[in-house]
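In what follows, a structure is listed as structure tokens, so that the remarks can point back to it.
The values are calculated or read from the model by the stated rules, or taken from the named source; none is laboratory data. Values in this document were obtained by computation on a predicted structure and should not be read as measured data. All Cβ positions, glycine included, derive from the backbone under ideal geometry; neighbour counts span all protein chains shown.
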Amino acid sequence: MKTYLVGGAVRDRLLGRPVTERDYVVVGATPQQLVAQGYQQVGKDFPVFLHPRTKDEYALARTERKTAPGYRGFIVHAEPDVTLEEDLRRRDLTINALAEDEAGRLIDHFGGQADLEDHVLRHVSDAFAEDPVRILRVARFAARYADMDFKIADETMHLMRSMVEAGEVDALVPERVWQELLKALSEEKPSRFFDALRECGALERLFPEIDRLWGVPQPEKWHPEVDTGVHAMMVIDMSARITRDTEVRFAALTHDFGKGTTPPEILPSHRGHEERGVELIEDFCRRFRVPRRYRDLAIVAARYHGRIHKVDELRPGTIVDLFEATDAFRRPARFEQALLVCEADYRGRGTYAEREYEQAKRWREYLSAVIEVDAGKVAAATEDPAMIPERIRTARIQHLAQARSDGWGES
């Protein structure tokens, strides 16, 4: 029985990046032998075990044979006769098919070290085409290593296109697509994920709401980049720059979905895109079973980002009503998330990247002022219960008007 460190830990060490987790392959062993040594079996589809002390994952060396479409259509062979080279050959990219033996010696059967040095993402073998999840993984690695300018090898991109044309991505289950999308949103430059999917044709098949944004014009006065798809990628990258919060990043990605369905006759205007976007977000989230907290923030951002940008044009009554509509009084943290989405939208344009988003500062000041109103005290002083909501609203408007330096009156 021999144990080898494999995959990401070897790759990231060679790249000089932090190693956050370690995975091992065990050659020449049976499940019974590992269990007898105290390992805990956790894998359902193939034998994976947790080390009794470190809890690192140890998988028996295995091969796979394709039997049906999609990423679940495999028969796994995990027996003591499977070699390390056979196990590594089934992996997606050469940079992930590296291993180290127990003495720390590098094992590289497929040129992974050279591809690391050349910053190339290249598939190991034709077995790549058997698992459509690998299309998403390659796109995600392009986003992860964007700062090092990793490129997808021409032959790998060709293979990805052929897989899309063969309908392989259509067999992906929603939960797995969402899992990979969420990981991509966590990367430093998420736009590279969508660029790669667009290049191979998978974006149109999986995320048509995003794909259709390219080629749709916007007013150059407000959007020097003009193209809505270009703007969408600038916004998602800006959101990654200003926050690690993937809920904010998802809302930044989806906030302009409605611009992809703007009637051609009104372009480059996008009147009504906010509400059209809400419907598309709801459908997207149903399709991929997106968690509710992601969906709710995305809807708030899509519906209200235009009004949030125009805070200087709004009356106190409109501001108070927006706080109410976004549930800002009960959920100020989510409203803060919405402001981050709007900041990414504002700065994700032409030469705006280094500008301050002053609107967010004013919204925070106004919310701080309005929540000073004691709603319970107002309610207690109102004889007619039916009038309580309106009295609270009026008190908030008056307080906001008094707090503003320009003395806006009641709406």
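Some notes on this structure:
- Flag for HIS305 being modelled with pLDDT of 95 or more and surrounded by fewer than 20 Cβ atoms within 10 Å (Cβ to Cβ): no
- Annotation: of all residues in segment 125-160 being in a loop (DSSP other than H, G, I, E, B) and not hydroxyl-bearing (Ser, Thr, Tyr), the one that is nearest to THR63 (Cα to Cα) is ASP131.
- Candidates in segment 254-266 are the residues that are surrounded by 14 or more Cβ atoms within 10 Å (Cβ to Cβ) and assigned to a loop (DSSP other than H, G, I, E, B); of these, the one that is modelled with the lowest pLDDT is THR262.
A quick yes/no check of all residues on (1) closer than 24 Å to LEU116 by Cβ; (2) assigned by TED's automatic domain parsing to the domain that holds ASP87; (3) surrounded by fewer than 20 Cβ atoms within 10 Å (Cβ to Cβ); (4) among the hydroxyl-bearing types (Ser, Thr, Tyr):
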site	(1), (2), (3), (4)
THR3	yes, yes, yes, yes
ALA9	yes, yes, yes, no
LEU14	yes, yes, yes, no
PRO18	yes, yes, yes, no
VAL25	yes, yes, no, no
GLY28	no, yes, yes, no
GLN32	no, yes, yes, no
GLN41	no, yes, yes, no
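- Among (1) assigned by TED's automatic domain parsing to the domain that holds GLU180; (2) part of a loop (DSSP other than H, G, I, E, B), the one test that GLU102 misses: (1)
- Inside segment 310-351, residues that are farther than 21 Å from THR254 by Cβ and not aliphatic (A, V, I, L, M) make up a count of 14.
- The set of residues in segment 15-41 being more than 21 Å from LEU84 (Cα to Cα), out of contact with any Asp or Glu (no Cβ under 6 Å at 6 or more places or on another chain) and in a loop (DSSP other than H, G, I, E, B) consists of GLY16, ARG17, PRO18, THR20, GLN37, GLY38.
- Selection within segment 121-138 - without any contact (Cβ under 8 Å) to a residue 40 or more places away in the chain, touching a Leu at 6+ places or on another chain (Cβ under 9 Å) and either more than 17 Å from GLY7 (Cα to Cα) or surrounded by fewer than 19 Cβ atoms within 10 Å (Cβ to Cβ) (or both): ASP126, ALA129
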